[in-house]
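What follows draws every value from the coordinates through simple rules; no lab data is involved. For clarity, every value in this text was computed on a predicted model and none was experimentally measured. All Cβ positions, even for glycine, are placed from backbone atoms using ideal geometry, and neighbour counts span all protein chains on display.
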Amino acid sequence: MATVTYDKATRIYPGQDAPAVDNLDLTVEDGEFLVLVGPSGCGKSTSLRMLAGLEEVDTGAIRIGDRDVTHIPPKDRDIAMVFQNYALYPHMTVAANMGFALKIAGTPKAEIQRRVMEAAKLLDLVEYLDRKPKALSGGQRQRVAMGRAIVREPQVFLMDEPLSNLDAKLRVSTRTQIASLQRRLGITTVYVTHDQIEAMTMGDRVCVLKDGVLQQVNTPLALYDKPANVFVAGFIGSPAMNIATFDIVDGKAQLGEASVPVPTSVLSAVSAEDSSTLTIGFRPESLVPASSDNGGGGIPVTVDLVEELGADAYVYGHPTGPAAAEQVERMRSEAVIARVEPRMAPNKGDKVVFAVREGESHFFSAKTGERIEP
Amino acid sequence: MSTTTTMTHDHEPDGNGQPPRPVSPRRRTPGVGPGERAISFLNGGFLLFWALVTTLPLLWAMLSSFKTNGEFRTDPMGLPSGLEWDNFARAWSAANIGQYFLNSIIVISMSLTLTMLFGSMGAYVLARYDFPGNRLVYYVFVAGLVLPVFLALVPMFFVVRETGELPLIGPMLGLNSYLSLALVYVAFSMPFTVFFLTAFFRTLPSSVSEAAIMDGCSHFRLFFTIMLPMAKPGIVSLALFNFLGHWNQYVLPLVIMQDGDKRVLAQGLGTLAANTGFRADWTALFAGLVIALLPVLIVYILFQKQVQAGLTGGVLK
């Protein structure tokens, strides 16, 4: 067991100018489950492969515990990896697959057998030990891949989208299995996914990457409640946060007919950076239907679609009013999304005015995209 | 065919009260319309014709090998009256086919092992490792494909003869040496072997080799315990292909194996054919031919499945 530290680690692929991973500074605590998440091409897999030793580190360093592993070959790093397509050895039985690393390391046969059996019991694979991978289902193969990692009793687990080849239902159940297994074994884990729901549900902490640059690392709830910038705000949460750039008029944020109150501390921060616009985000559950006669406040919306999920209902709409075109242009999200009471959902085509619940707006600098704390 | 099936299925009512539409019988049983029937008849007919063209001469040679010479001369197309095993005995010992058979086996066991070992190793490195000059080496191998054997024949003869003069290893090489012939076979089969296996190794998933590297494999171990077994279908079909090529080789041994005792089977049959021209021992010639054929047939029948698997190149995901 150990911590993992990325110390200004950078990877530039040959023949490319922009780094795939740019000055990554990140510490994973001992026994922690850290999830790397981001859109495709954000450098999350590259970061993981740098830690695995499958990708070179151009500048900076990577440490496992106190050991600098930057230029150490993968086999000496004391890590185990679970691959997206499992990468099982097709000509070996499940038992041989799981024990392969130990066999190479010269572990005595009895010890290999004991550890493989132990892992097989843990993963419910005992009856499949003599089978070849092709005689297993997708979920079983996934568990064999996990088993192969567990058997080695490494200091760090690396997982590269291990659930993306499973069907939706199995993915949800395996998600919880992996998370609880990790807590039981207490082995430091770095987990890569592009699915923010996976990231939120599994990770002790979540690390959001974009274009090779670290955006924010924190607990799932902290990311949700206090996104550090506009990108994190838009990426974390499903359905996505509503984000638009508003003008500051008379101490209020104004965009066409829509208007949102802004605290004075935010206003002074905006004027301090010599700007007259402000990016504001609010989550679908922060919107409440308002009566249209509350002094011109609120956001008028025409309903395009209502998603009724039973416990919740989501309204997808577009801004309405004379300045609608400008409003749409200034929006970061494609639609205005609001969560409403499922029994009182408006109909398609209705006009609804939404107000943002007090204190639930997120403010970001229109210039830098950074969060402005009220 | 499958599209036709789904189409007819789409037209069927899904229990929503509509009366079933009349569907012509031709639509109901797709694939057996007059046009399709004609094509499948042509297909089958052509295959049958081809099968006859290839098997009848074979069958005729086999039947003839069981006849007496008298029978063969009076009724070349008829069935043998009994099994004349003496033909095989004469071919095996008197015409020295036994010795030639053994020579062929010795040479091929060396040449095939070396071809597959070096071919797969070279192809693996060319397919999976990136280094300067990789493509150049690959294209040099591929260029070997266009080199006709006859063009290389004369220089090859001199090279092989000179190797006999080398210190230390000279006695093992030179003309009339099993090893020389095997090495020449290896050289001539390397281009296609490397070409084919490079393509095959490229199709294998890279994550498996990465997993093996993380499990602690050295490059050699990775190749021999992981990649080679994974490439087995390709290796087997190519080994069979090379076996056939080496077994039937005539020109190369003709140049290198000039000593009577060192000749391989194809040469032996040639000699037998030439000799029977005077002694007219046709049935012994056919017996020799059958002896030469059998290993090829047996090997092919044994490995048929793997060859098909190798050509379709299915790799477990």
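Listing for the model above:
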item	result
Ellipticity estimate at 222 nm from DSSP helix runs (n ≥ 4, -39,500 (n - 2.57)) divided over chain B, nearest 500	-22500 deg cm²/dmol
Amide hydrogen neighbours beyond the local backbone of A:Phe246, cut-off 5 Å, H modeled	A:Leu278, A:Thr279, A:Ile280
Choice from B:Gly44, B:Gly170, B:Gly78 showing the highest fluctuation, given a GNM over chain B with Cα pairs closer than 10 Å	B:Gly44
Percentage of interatomic Cα-Cα distances in the protein assembly as shown larger than 47 Å	48 percent
Estimated D of chain B in µm² per second, where Rh is the Kirkwood radius over Cα pairs and Stokes-Einstein applies at 25 °C, 0.890 mPa s	101 µm²/s
For region A:260-267, 3J(HN,Hα) per residue [Karplus equation, 6.51 cos²θ - 1.76 cosθ + 1.60, θ = phi - 60°, Hz, x = Gly/Pro]	10, x, 10, x, 5, 4, 5, 4
Calculated from backbone phi, Karplus (6.51, -1.76, 1.60) coupling profile of region B:195-204 in Hz, x at Gly/Pro	4, 5, 6, 4, 4, 5, 5, 5, 7, 6
Under 5 Å, built H, 5+ apart or other chain: amide partners of A:Ala20	A:Arg11, A:Ile12, A:Tyr13
Cα→Cβ-extended label distance, 7 Å offset, between A:Lys8 and A:Asp350, nm	5.7 nm
Most fluctuating residue given options B:Tyr178, B:Tyr129, B:Tyr100, as computed from a GNM of chain B linking Cα atoms under 10 Å	B:Tyr129
Assigned charges on the beta-carbon of Lys, Arg, Asp, Glu; chain A dipole about Cα centre (debye)	1820 debye
Antiparallel content of DSSP bridges confined to the protein assembly as shown, in %, to 5	75 percent
Per-q log10 I(q)/I(0), region A:241-372, q = 0.17, 0.21 Å⁻¹ (Debye; single scatterer per alpha-carbon; no solvent)	-0.85, -1.24
Positive dipole terminus of region A:145-287, leading residue within A:Pro220, A:Ala269, A:Thr245 (C-beta point charges)	A:Pro220
Per-residue [θ]222 nm for chain A (sum of -39500 (n - 2.57) over DSSP H runs n ≥ 4, rounded to 500)	-8000 deg cm²/dmol
Ordering of A:48-59, B:248-259 by burial proxy (mean other Cβ atoms within 10 Å per residue, highest first)	A:48-59, B:248-259
Inter-centroid distance (Cα atoms) of region A:35-112 relative to region A:320-374, Å	44 Å
Dipole-positive endmost among B:Tyr100, B:Leu83, B:Leu297 within chain B (Cβ charges, Cα centre)	B:Leu297
Separation between Cα centres of region B:67-83 and region A:119-180, rounded to whole Å	69 Å
Of A:Lys44/A:Lys103; A:Lys169/A:Lys348; A:Lys252/A:Lys367, those spanning more than 24 Å from alpha-carbon to alpha-carbon	A:Lys44/A:Lys103; A:Lys169/A:Lys348
Gaussian network model of chain B, springs between alpha carbon atoms under 10 Å - residue of B:Ala91, B:Ala143, B:Ala239 with greatest fluctuation	B:Ala143
Per-residue HN-Hα couplings for region A:103-119 [Karplus 6.51, -1.76, 1.60; θ = phi - 60°; Hz; x = Gly/Pro]	4, 5, 6, x, 5, x, 4, 4, 5, 4, 4, 4, 6, 4, 4, 4, 5
Residue mean of other protein chain beta carbons inside 10 Å, A:74-87	4
For A:Lys210, distant residues with modelled amide H under 5 Å away	A:Gln215
